[in-house]
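Input: a single structure, listed below in C-alpha cells.
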Amino acid sequence: MVAAAALNTRTGRKILIGASLAALLAVAFLLTPLIAVPFAVAGSIVSTTSAGSGAAPAVSGEWGFPLAGDYSKGRGFGYNPVQGCSYCSTDHQGYDMAQGCGATVYAAGPGEVITAGSYQGYGNAVRIDHGGEIVTLYGHMQWDSLRVTVGQAVTAGTPLGAEGNTGKSFGCHLHFEVRDSGTPVAPEPFMAARGLPLM
C-alpha cells in the first residue's frame, strides 16, 4: 500500500513537471515575436546605416570623395611595401582608404563607366573615363555589389558598389587610383587641386 502511494506521488510530480514545462514553452513561443522582432528591426537599421547608406560624400564642384564620411588611410602612392604580403606591389599606384566591409563606394567625378567587374589584380573593380585622358579606378569591391554598368554616365556621388577584399587585397578597403594618359598619378595632389584633400 505504501509502495503504491509513493508510485502515485512520483507519477503525479512527473505529470505536474511535464505540464509546467509545456506551459512555459507555450508562453515562450507566444512572447518570442514580441522580443525578437524589435531586435531584428533594430539590427537591420543599424547595419543599413553603418554601410554608409543615406550619407553622401563631400563634393567640390564636379568632383567628390569616393567614400562618405571619415575613413582610415592605408597605403599612399609610391613605394609602400606591405609586411607579410608577398603578392602586394611595393610600388603602390593608388591611395587606400577604408570604412569597413560593405561601405558604399562613390564615383569621384563625372564620366562614363568603362569597366565594371573583374579587372586584373584589382578584383571587382570600376573604372571611369572622365575625358581629357583622366581615368579613375575603384578596386577590391565586394562581388555582386556593383551598381553601375559599362557605358553608364555617372557624376560625383553616384554609388558604384561596396568596399570589399577582392583581387590582390590585404583586408577590406578601397583602392582609389587616378591615371592620366594611362600613367598612374598620385591621387592626393590630384584631389587636393579639386578642393578635396585626402587625409
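When residue 138 is tested against (1) surrounded by 20 or more Cβ atoms within 10 Å (Cβ to Cβ); (2) part of a loop (DSSP other than H, G, I, E, B), just one condition goes unmet, and that condition is (2). Cβ-Cβ contacts under 8 Å between residues 6 or more apart (or on different chains), taken from a first residue in the stretch 174-199 that is over 24 Å from residue 103 (Cα atoms) and of a type in the set (Gly, Ala, Ser) to a second residue that is open to solvent by 50 Å² or more (accessible area, probe 1.4 Å) and in a loop (DSSP other than H, G, I, E, B), are listed as 181/133; 182/133. When residue 144 is tested against (1) assigned to a strand (DSSP E or B); (2) within 20 Å of the chain's Cα centre (by Cα), only condition (1) is not met. Exactly one residue among 161, 117, 109 is more than 21 Å from residue 185 (Cα to Cα), small (Gly, Ala, Ser) and buried (at least 22 other Cβ atoms within 10 Å of the Cβ), and that residue is 161.
Does residue 176 fit the bill of being part of a strand (DSSP E or B) and surrounded by 15 or more Cβ atoms within 10 Å (Cβ to Cβ)? Yes.
A count restricted to the stretch 142-176 and to residues that are under 13 Å from residue 105 (Cα atoms) and touching a helix residue (DSSP H, G or I) at 6+ places or on another chain (Cβ under 9 Å) stands at 2.
Would you be able to say whether some residue in the stretch 158-173 is touching a Leu at 6+ places or on another chain (Cβ under 7 Å) and basic (Lys, Arg)? No, the stretch 158-173 has no match at all.
For every residue, the table says whether it meets (1) surrounded by fewer than 17 Cβ atoms within 10 Å (Cβ to Cβ); (2) modelled with pLDDT under 95; (3) charged (D, E, K, R).
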{"position": "65", "(1), (2), (3)": "no, no, no"}
{"position": "71", "(1), (2), (3)": "no, yes, no"}
{"position": "79", "(1), (2), (3)": "yes, yes, no"}
{"position": "89", "(1), (2), (3)": "yes, yes, no"}
{"position": "94", "(1), (2), (3)": "no, yes, no"}
{"position": "104", "(1), (2), (3)": "no, no, no"}
{"position": "131", "(1), (2), (3)": "yes, no, no"}
{"position": "134", "(1), (2), (3)": "yes, no, no"}
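The values are calculated or read from the model by the stated rules, or taken from the named source; none is laboratory data. Bear in mind that the values here come from a model prediction, so they are computed numbers and not experimental data. Reconstructed Cβ throughout: ideal geometry from the backbone, glycine too, with neighbour counts over all protein chains shown. When the accessible area is computed, the model is the full protein with side chains, heavy atoms only, and any ligands, DNA or RNA have been set aside. Shrake-Rupley method; radii C 1.70, N 1.55, O 1.52, S 1.80 Å.
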